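**Student:** Got a structure for you, questions after.
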Amino acid sequence: MGSLIDTFHIDIRLLAAQAVNFAIVFLILYFFIFKPLSKVMADRSAKIAKSLADAEEIDRKLAEAENKYKVRLAEAKKEANLILDKVNRQAEENKQAMIIRAKEEIGQIINQEKQKMQVEKAATLKEIKKETAGLVIAAVEKVLGEKMDGKKDGEMIKQMIK
């Protein structure tokens, strides 16, 4: 070993001093740089892992929410169709009720008009009878040549009955 030291001109005290300096620099670097740096890197890796886990959870919740949305949308469509069917049925019932009511009103109007026509017919017949009676009396007066009054009319009726 002595020859090795002489051959390479190695100074043991210098080598020991360099070893101590290297140890001091290594310890300083380890405690002040490597250890905090590894802690920061570990924290960052944990944050990244947590972010990835959160992203997966968010994706899962998004898919679940999307499925719920689709289910709710389908339910809403079913409810809307049921409501539309109900409204259509109710509209049809209202239509039928209005048709029946209109027919009843038309029937009542027709009956009222028939009654009016019968009243008018009766009044017209009464008027025609009066006019006919007046014409018959006028014709009889012309035929007989004298004016008829209640007495003469009564006598004539008695003669005809006999």
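The values are calculated or read from the model by the stated rules, or taken from the named source; none is laboratory data. Please read all numbers here as calculations on a predicted model, not as lab measurements. Glycine gets a Cβ as well: all are built from the backbone with ideal geometry, and neighbour counts include every protein chain shown.
**Student:** For residue 6, all conditions in the list (1) surrounded by 10 or more Cβ atoms within 10 Å (Cβ to Cβ); (2) modelled with pLDDT under 95; (3) acidic (Asp, Glu) hold save one; what is the number of the exception?
**Tutor:** (1)
**Student:** Separate question: Return the only residue of 43, 153 being modelled with pLDDT under 95, part of a helix (DSSP H, G or I) and not small (Gly, Ala, Ser).
**Tutor:** Values: 43 fails: modelled with pLDDT under 95.
Result of the check over 43, 153: 153.
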